[in-house]
Amino acid sequence: MDTRAYWIAINKVSGVGPARVRALLDECGSIEAAWQASIQQLQAAKFDRRTIESMLQARRELDPAGEWERVQASGVTVLTWEDDDYPAELRTIDGSPPVLYLRGCMTAQDEWAIALVGTRHATTYGREVTQLLATQLAHQGITIVSGLALGVDTIAHRAAIEAGGRTIAILGSDVDQIYPPQNRGLAGAIASQGAVMSDYALGTRPDAANFPPRNRIISGLSRGVIIVEAGERSGALITARFAADQGRDLFAVPGSILSPASIGCNRLIQQGATPLLSVDDVLEQLHMTRIAERIEARSAVPADPQEQTILACMAAQPCSVDEIVRNLGLPPSQVGSLLTVMELKGLIRQIGVMTYTKA
């Protein structure tokens, strides 16, 4: 049986989130063994009594094979921690979802993604800024990530599509329970030109409690987060907090001090967010000015196993060319050629004289 069947089943167990799945995998070694874990193994993974009972009940009531057949019949794509196609940026965050459900698909271009979120009650100013930013970013080959909510999110998705770009919508329900319902048509367009994504199992209806946690995926998929407009209690500020926790660059569009819709953005700027005055602020700060060339370079130049060795050298800190030469045992001229190609692909960037870091 496909191992994704066990991922789907365990994802439906109440109280078993990413941290407990990780602990159970550490204890049991595989997702199949985790699903079949003994009470002693569940206790060793620090499951409390209620969660153990939930796990045992789920095993009595759920058939992993049947759950997998249901997902396949629905045409939904499933990505898990085990899959190479699982988004690399998202994999690095705390609480990354063990399972993702998609309508549409992810591509290599989605590595360069920016989140664009804001209030549901956008002003004329907010609508114009969102339209402009999403259009300009899409023209640069950057994927727009947002939450399919009314207001700023909807405008961002539509602008990306109209510009011929890619966009990803993150839901607070399963991928077939579109909320708000008036965005069902938009969700279909997004799936054909990007992806509609959720970490919630099929059958999960939109619920107020589901939306704040999904915001970690919006920021986690993205290299930077732009808040266009946000009131004092806007859900976009939750995304801003996740962005800060995840080490993502945070940009806020400044607004009038008299506008309630700009209170959140102006305070974010006061607290250290980068004030966004033009799309160039994002492109330059995130080194995303040559995305089209990088995508073309990756498709034209096959991946080299030595690239992974170089990236591993830079996992903890930047490396000098001399360090890379010593680690690889290759001539400096060959290392120099590798670094040039990797920089063209957008895998690394130079931060000093003969010193490089992961992009």
| task | Could you list all residues from the stretch 137-157 that are surrounded by fewer than 20 Cβ atoms within 10 Å (Cβ to Cβ) and closer than 25 Å to G231 by Cβ? | result | L150
| query | Assuming E284 fulfils every condition listed in (1) in a helix (DSSP H, G or I); (2) farther than 30 Å from E229 by Cα; (3) at pLDDT 80 or above apart from one, which condition is it? | reply | (2)
| said: Just checking, does the stretch 120-129 include any residue being touching a strand residue (DSSP E or B) at 6+ places or on another chain (Cβ under 9 Å), within 20 Å of A187 (Cβ to Cβ) and not aliphatic (A, V, I, L, M)? | reply: no
| Could we say that F242 is of a type outside the set (A, V, I, L, M), assigned by TED's automatic domain parsing to the domain that holds T167, touching a Lys or Arg at 6+ places or on another chain (Cβ under 6 Å) and part of a helix (DSSP H, G or I) here? | yes
| remark: Of (1) at pLDDT 95 or above; (2) in contact with a Pro (Cβ under 6 Å, 6 or more places away or on another chain), G95 fails just (1)
| field | Selection count, the stretch 192-231, where residues are of a type in the set (G, A, S), surrounded by fewer than 19 Cβ atoms within 10 Å (Cβ to Cβ) and assigned to a helix (DSSP H, G or I) | value | 3
| message | Checking Y86 against (1) within 11 Å of the chain's Cα centre (by Cα); (2) surrounded by 22 or more Cβ atoms within 10 Å (Cβ to Cβ), only one condition comes out false. Which one? | response | (2)
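The rows are residues; the columns are (1) of a type in the set (K, R); (2) in a helix (DSSP H, G or I); (3) surrounded by fewer than 20 Cβ atoms within 10 Å (Cβ to Cβ); (4) outside the structural domain of G203 (by TED's automatic domain parsing).
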| residue | (1), (2), (3), (4) |
| --- | --- |
| V16 | no, no, no, yes |
| L42 | no, yes, no, yes |
| K46 | yes, no, yes, yes |
| E53 | no, yes, yes, yes |
| A58 | no, yes, yes, yes |
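The values are calculated or read from the model by the stated rules, or taken from the named source; none is laboratory data. A quick note: this is a predicted structure, and the numbers were derived from the prediction, not measured. As a convention, Cβ positions derive from the backbone with ideal geometry for all residues, glycine included, and neighbour counts pool all protein chains shown.
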